[in-house]
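Input: a single structure, listed below in structure tokens.
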Amino acid sequence: MSELTLHTSKAKSLLLLLASLLFTVAGVFMAQDGELMGHVGYVFFGLCSLAYVVQLITGGGYLKLKEDEFEFFSGFGRKQCVRWDDVDSFGVAVVRNLSRYYAPPTRLVGWNYKQGVDVSKFGRVTSKTLSGREACLPDTYGMKMEELLSLLSEHLERSRDRR
């Protein structure tokens, strides 16, 4: 199996940057009118804008599918590698937003580890409580969530067939 690398969507990052800049400007106008939330808004969305600029400059994140593991990087954190042998199954991770009335939940590809795999018990339990999966990818890397889920499941099955 040859290595496959998927990258985060630059178009999505540009769109989020534009939206963050618009909210930053709106926050500035609100602050000029004496509204406290305007200050909170321009600081928060200004930082979001900065994060998207950094993501665009650094090339964003990636997902590498290798023969014995998959590796992902979000652009801000550290590189993480997960061995196919450590994964029990892939599925949909549903992350509920704090404001469930205003925004739908985020759906990402997640996985559960096999019993006995040495990863943080606290992290596994926390992630499972928040999303229904013990871990999840931070992005869909330009693919539809269902397509990425299918691709990862196929790689998992191929790795099991090689054993």
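With (1) in contact (Cβ under 8 Å) with a residue 12 or more places away in the chain; (2) more than 30 Å from V119 (Cβ to Cβ); (3) open to solvent by less than 80 Å² (accessible area, probe 1.4 Å) as the list, and G60 as the residue in question, which single condition is left unmet?
(2)
Among the residues of segment 1-21, how many are in contact (Cβ under 8 Å) with a residue 24 or more places away in the chain, in a helix (DSSP H, G or I), surrounded by 14 or more Cβ atoms within 10 Å (Cβ to Cβ) and of a type in the set (A, V, I, L, M)?
Adding up the residues that qualify gives 3.
Might you let me know whether segment 41-57 holds any residue that is of a type in the set (S, T, Y), open to solvent by 40 Å² or more (accessible area, probe 1.4 Å) and within 26 Å of K10 (Cα to Cα)?
Yes, segment 41-57 has at least one match.
Among the residues of segment 71-117, what is the count of those that are over 26 Å from V54 (Cα atoms) and either modelled with pLDDT of 85 or more or part of a strand (DSSP E or B) (or both)?
Summing the residues that are over 26 Å from V54 (Cα atoms) and either modelled with pLDDT of 85 or more or part of a strand (DSSP E or B) (or both) in segment 71-117 gives 19.
Looking at segment 120-128, can you tell me whether even one residue there is assigned to a strand (DSSP E or B), free of Cβ contacts under 8 Å to residues at least 40 places away in the same chain and either more than 26 Å from L15 (Cβ to Cβ) or among the β-branched types (V, I, T) (or both)? Don't jump to the end; show me each part of the working.
Start the filter on segment 120-128 by keeping residues that are assigned to a strand (DSSP E or B), which leaves none.
Checked against the condition, which is being assigned to a strand (DSSP E or B), free of Cβ contacts under 8 Å to residues at least 40 places away in the same chain and either more than 26 Å from L15 (Cβ to Cβ) or among the β-branched types (V, I, T) (or both), segment 120-128 yields no hits at all.
Restricting segment 138-162 to residues that are in contact with a Ser or Thr (Cβ under 9 Å, 6 or more places away or on another chain) and closer than 16 Å to D86 by Cβ, which is most open to solvent (accessible area, probe 1.4 Å)?
S153
Would you check if F29 is in contact with a helix residue (DSSP H, G or I) (Cβ under 8 Å, 6 or more places away or on another chain), part of a helix (DSSP H, G or I) and open to solvent by 80 Å² or more (accessible area, probe 1.4 Å)? Write out each step before concluding.
Values: in contact with a helix residue (DSSP H, G or I) (Cβ under 8 Å, 6 or more places away or on another chain): yes; part of a helix (DSSP H, G or I): yes; open to solvent by 80 Å² or more (accessible area, probe 1.4 Å): yes.
The answer is yes for F29.
One residue is enough: does segment 137-157 have a residue meeting the conditions modelled with pLDDT under 95 and more than 20 Å from L63 (Cα to Cα)?
no
So which of R107, R162, R158, R133 ends up being of a type in the set (K, R) and touching a Gly at 6+ places or on another chain (Cβ under 8 Å)?
Answer to the selection: R133.
Return the only residue of S120, S131, S127 being open to solvent by less than 80 Å² (accessible area, probe 1.4 Å) and in contact with a Cys (Cβ under 8 Å, 6 or more places away or on another chain).
Details: S120 fails: in contact with a Cys (Cβ under 8 Å, 6 or more places away or on another chain); S131 fails: in contact with a Cys (Cβ under 8 Å, 6 or more places away or on another chain).
Residue meeting the stated conditions: S127.
The values are calculated or read from the model by the stated rules, or taken from the named source; none is laboratory data. Values in this document were obtained by computation on a predicted structure and should not be read as measured data. All Cβ positions, glycine included, derive from the backbone under ideal geometry; neighbour counts span all protein chains shown. Just the protein is used for accessible areas: all its heavy atoms, side chains included, with ligands, DNA and RNA removed. Shrake-Rupley method; radii C 1.70, N 1.55, O 1.52, S 1.80 Å.
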